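Enquirer: There's a structure below that I have some questions on.
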Amino acid sequence: MSETMTALPGIEAAAAGVQQLSMQQALNRALDEILAENPKAVIFGEDCGRLGGVFRITDGLQAKHGEDRVFDTPLAESGILGMSVGLAVAGFHPIPEVQFDGFAYPAINQIVCQIARMNYRSRGTLPMPITLRVPSFGGIRAPEHHGESLEALFAHVPGLKVVSPSTPNDAYHLLKYAAARPDPVIFMEPKSRYWQKGPVDLTSVDAATAAHDGGADNGSNLTGARVAREGRHLTLVAWGAMVARCLQVAELAAEDGIDVEVLDLRWLKPIDAEALATSVGKTRRAVVVHEAPLTSGLGAEVAQLITQSCFATLKAPVERVTGFDVPYPSGDLEDEYIPNIDRILFGIQRVLEYRRG
Amino acid sequence: MTTKAVLAAVDDDAAPLTHHQLRELYTLMAAVRHLDTSAVAWQRQGIIPGYAPELGQEAAQVGSGYAVDRTRDFVFPTYREMGVARAMGLDMVGYMSTHKATWHGGMYNPLESRFAPIQAVVAGSVLHAVGWAHGQTLSGHAEGETGVAMTYFGDGASSQGDVHEAMNFAAVMKAPVVFFIQNNGWAISLPTERQVAGGSVAARAAGYGIPSLQVDGNDVVAVFEATRSALAHCRAGNGPVVIEAMTYRRGPHSTADDPGRYRTLDEERTDAGEDPLERFRQRLLDEGVADEAFFAEAQRKAEEEEEAIRTGIEDLGPRPGAEMFGLVFQEPTPALQSQATAWREESEHV
Ligand SMILES: Cc1ncc(C[n+]2csc(CCOP(=O)(O)OP(=O)(O)O)c2C)c(N)n1
């Protein structure tokens, strides 16, 4: 990154080192650097130019990089994603945004039938280096269609990769990593965490660039899961906003002498099966926590991967604590829907008290 | 019918076609006609499982495809653009491999041929053209040098929301795109009058402020000239153009279709109008551009070509199963790699 780069609003000028940033700032910073480092990167979507996006993730980027690099589109999600395909064919690295998760539905045709298949269809001659940013999940008492959890839907589609950061540091690095990939990545941002601050290590910027050039892991293991907390008795598997909640739960459980490990899955496709095997191989018990509905959710996939690698040593069936099989409820019921601390503690209890019948 | 500008004329001062070019157009149309009717026969003979014929659309396809500049333009087709592919000089074995069920999308190289993979979601590729075209704008080509995206779709596809989004995007962004509609009268069994509100697809362009024209899609020269002037309009930085080529799909929608359930042969004969190939042949004869010997030679070449393509696709073996796994991603996932390994062990007993 160039030393002369001017800082965007809200971000201190220092170019490197560890800074306290919110996830919104970390993402903004990452996008800023991606535009500076990759002349083929373009950012577009609804209101992401002049306004800087309804969540301000693209704040200041148009003013700094110009209207050719960061532009507003008409209000049409299929248009935004379909246009990404053509830009990718023309050699660009599109970083489109859909404003809210629920509005990815109108673009599903383009995502599933076009973006996910073009590399395959063209026998590898038309890669789709598209990073679709989706402000995701609930927790902000938003109107209908503003709090959906689409990860299982996306992860099920051959040809797509799916990632979700849980911390500002991961948001920064994973976005830079995703945008450097030659394959389509759905980048699910936990919108309820946008304003939480955390340390972001900006020193490894060059390493992220190396990943862009060589396609290799940049040294901070951006390709797999992350142990957010070490523990011996049980593994909580989570991603997005649920990671922070699981860490809270782990603190509470510790008061009762239960030592909980929290595994932040980060990649929802490909899932880091090895990290699951290592963690649960050690703790021998697991609870998967996600906001998405239970049935056919990723929790089932995670449970199966754990069963496959740890069947012989598991002390209890893998438990799931999830949203329910209901349309995402309005704000007043949100706290009932999203796994709360009590429900996760009950899940832990079920696993700890399990007795073979 | 005659060429009719719906909103504004998009004209240029291009020279009339030379005799050589006219003969070339005929040769292409004859080749496409012969390959197309042969492909239907191949399906009946069990050489290929299916095909989407374009009998009667040769003028629309050859005339437009011939205008494309393969050094800088890019075509985004659907599933019925064999004639465009042939006019652009594609590897036709690679093209036909889709219909042989060898590979979805075809076995040609889209980057070299400038012809995107064949795909079957109607209107799916119309937005891709807009994105590619906007890429041309972003790349800042000098005026008159820019590449133009050509997107092909049918009257049925024009009912899809993506076409609206594409036209709106293109107009707002002034993207160099030619929306080339082949209105062949039918979307499977539904006739245009029950498909397209507002009179025509071209008429809709006015709502986006896009110049549009309807052209006689059975007149190869009219189609070529309309496309050439649309490309010039786009190249000059004036934004998109809509061309609606009025033609007629003779015969079935696909080799699995039975048009007898929605129209009679008598209706087909009356509505289809004059055969575009026959009509062009008569014109070349009348104008002294070509003689019977030329037509006989064109037919002989078409037959030779068809034979070579048939041999080519007959020789296409099945693709190695490993490609199923190897071409999903540029960077394969561990899960996919282990599935590939398991498949190899279980199917090849290695
Ligand atoms: C989105 C979508 N819906 C349905 C189909 C099935 N289908 C294939 S072709 C076709 C009719 C298309 O008509 P038109 O766009 O006029 O093109 P034509 O086949 O006449 O060339 C239909 C309904 C499809 N391919 N894509």
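The values are calculated or read from the model by the stated rules, or taken from the named source; none is laboratory data. Keep in mind the model is a prediction, meaning the values are calculated, not measured. So basically every Cβ, Gly included, is an ideal-geometry build from the backbone, and we count neighbours across all protein chains shown. With ligands, DNA and RNA removed, areas are computed over all heavy atoms of the protein, side chains included. Shrake-Rupley method; radii C 1.70, N 1.55, O 1.52, S 1.80 Å.
Enquirer: If you go through the stretch B:237-260 one residue at a time, how many are at pLDDT 95 or above, more than 16 Å from the ligand (Cβ to nearest atom) and on the phi < 0 side of the Ramachandran plot?
Expert: 3
Enquirer: Just checking, does the stretch B:224-235 include any residue being touching a helix residue (DSSP H, G or I) at 6+ places or on another chain (Cβ under 8 Å), within 16 Å of the ligand (Cβ to nearest atom) and either among the aromatic types (Phe, Trp, Tyr) or open to solvent by less than 20 Å² (accessible area, probe 1.4 Å) (or both)?
Expert: Looking through the stretch B:224-235, none of the residues is touching a helix residue (DSSP H, G or I) at 6+ places or on another chain (Cβ under 8 Å), within 16 Å of the ligand (Cβ to nearest atom) and either among the aromatic types (Phe, Trp, Tyr) or open to solvent by less than 20 Å² (accessible area, probe 1.4 Å) (or both).
Enquirer: Would you point out the residue of the stretch B:129-166, among those that are within 16 Å of the ligand (Cβ to nearest atom) and small (Gly, Ala, Ser), that is farthest from B:ALA203 (Cα to Cα)?
Expert: Per the criteria, the residue is B:ALA129.
Enquirer: Yes or no: B:ALA67 more than 16 Å from the ligand (Cβ to nearest atom), open to solvent by 10 Å² or more (accessible area, probe 1.4 Å) and touching a strand residue (DSSP E or B) at 6+ places or on another chain (Cβ under 9 Å)?
Expert: Against the criterion (more than 16 Å from the ligand (Cβ to nearest atom), open to solvent by 10 Å² or more (accessible area, probe 1.4 Å) and touching a strand residue (DSSP E or B) at 6+ places or on another chain (Cβ under 9 Å)), B:ALA67 qualifies.
Enquirer: Which count do you get for residues in the stretch B:75-130 that are without any contact (Cβ under 8 Å) to a residue 40 or more places away in the chain, open to solvent by 20 Å² or more (accessible area, probe 1.4 Å) and either within 9 Å of chain A (Cβ to nearest Cβ) or within 21 Å of B:ARG319 (Cα to Cα) (or both)?
Expert: 7
Enquirer: Another question, if that's okay. Which pairs do you get when a residue that is within 9 Å of chain A (Cβ to nearest Cβ) and free of Cβ contacts under 8 Å to residues at least 12 places away in the same chain, found in the stretch B:139-156, comes within reach of a residue that is more than 16 Å from the ligand (Cβ to nearest atom) and acidic (Asp, Glu), reach meaning Cβ atoms under 9 angstrom, with the pair 6+ apart or on two chains?
Expert: Filtered contacts from the stretch B:139-156: B:GLY140/A:ASP68.
Enquirer: Ok, one more. Would you check which residues across the stretch B:97-128 are within 14 Å of the ligand (Cβ to nearest atom) and in a helix (DSSP H, G or I) and list them?
Expert: B:VAL126, B:LEU127
Enquirer: Select from the stretch B:132-179 the residues that are hydroxyl-bearing (Ser, Thr, Tyr), farther than 28 Å from B:ARG249 by Cβ and buried (at least 19 other Cβ atoms within 10 Å of the Cβ) and list them in ascending order.
Expert: B:THR146 - this is the single residue of the stretch B:132-179 that is hydroxyl-bearing (Ser, Thr, Tyr), farther than 28 Å from B:ARG249 by Cβ and buried (at least 19 other Cβ atoms within 10 Å of the Cβ).
Enquirer: Next question. For the stretch B:298-350, name all the residues that are assigned to a loop (DSSP other than H, G, I, E, B) and open to solvent by 70 Å² or more (accessible area, probe 1.4 Å).
Expert: Residues satisfying the conditions are B:PRO318, B:ARG319, B:PRO320, B:GLN330, B:HIS349, B:VAL350.
Enquirer: Here's another thing I want to ask about it. Picking from B:GLN182, B:GLN195, which residue would you name as being open to solvent by 20 Å² or more (accessible area, probe 1.4 Å) and near the ligand (Cβ under 10 Å from one of its atoms)?
Expert: One residue alone meets the criteria, B:GLN195.
Enquirer: Are any residues in the stretch A:94-141 small (Gly, Ala, Ser) and either in contact (Cβ under 8 Å) with a residue 40 or more places away in the chain or more than 7 Å from chain B (Cβ to nearest Cβ) (or both), and if so, which ones?
Expert: Residues satisfying the conditions are A:GLY102, A:ALA104, A:ALA107, A:ALA116, A:SER136, A:GLY138, A:GLY139.
Enquirer: Of A:GLY79, A:GLY91, A:GLY86, A:GLY49, which residue is assigned to a loop (DSSP other than H, G, I, E, B), of a type outside the set (A, V, I, L, M, F, W, C) and buried (at least 20 other Cβ atoms within 10 Å of the Cβ)?
Expert: That would be A:GLY49, the only listed residue that is assigned to a loop (DSSP other than H, G, I, E, B), of a type outside the set (A, V, I, L, M, F, W, C) and buried (at least 20 other Cβ atoms within 10 Å of the Cβ).
Enquirer: Next question, about the same structure. Can you name the number of the only condition in (1) open to solvent by 10 Å² or more (accessible area, probe 1.4 Å); (2) in contact with a strand residue (DSSP E or B) (Cβ under 8 Å, 6 or more places away or on another chain); (3) under 28 Å from A:PRO329 (Cα atoms) that A:HIS156 fails?
Expert: Tallying (1) open to solvent by 10 Å² or more (accessible area, probe 1.4 Å); (2) in contact with a strand residue (DSSP E or B) (Cβ under 8 Å, 6 or more places away or on another chain); (3) under 28 Å from A:PRO329 (Cα atoms), A:HIS156 fails exactly one: (2).
Enquirer: Out of curiosity, is B:GLN61 within 16 Å of the ligand (Cβ to nearest atom) and under 23 Å from B:ALA232 (Cα atoms)?
Expert: yes
Enquirer: Within the set of pairs 6+ apart or on separate chains, which have a first residue in the stretch B:278-293 that is touching a residue at least 60 places away in the same chain (Cβ under 8 Å), a second that is not in a helix (DSSP H, G or I), and C-beta atoms under 6 Å apart?
Expert: That search, which allows pairs on different chains as well, returns B:LEU284/B:ALA290.
Enquirer: Let me confirm something: among B:LEU277, B:LEU213, which residue is touching a Lys or Arg at 6+ places or on another chain (Cβ under 9 Å), away from the ligand (no atom under 16 Å from the Cβ), away from chain A (no Cβ under 14 Å) and not in a helix (DSSP H, G or I)?
Expert: Unique residue meeting the criteria: B:LEU213.
Enquirer: For the stretch A:343-356, name all the residues that are open to solvent by less than 100 Å² (accessible area, probe 1.4 Å) and closer than 23 Å to A:VAL243 by Cβ.
Expert: A:ARG343, A:ILE344, A:LEU345, A:GLY347, A:ILE348, A:GLN349, A:VAL351, A:LEU352 - these are the residues of the stretch A:343-356 that are open to solvent by less than 100 Å² (accessible area, probe 1.4 Å) and closer than 23 Å to A:VAL243 by Cβ.
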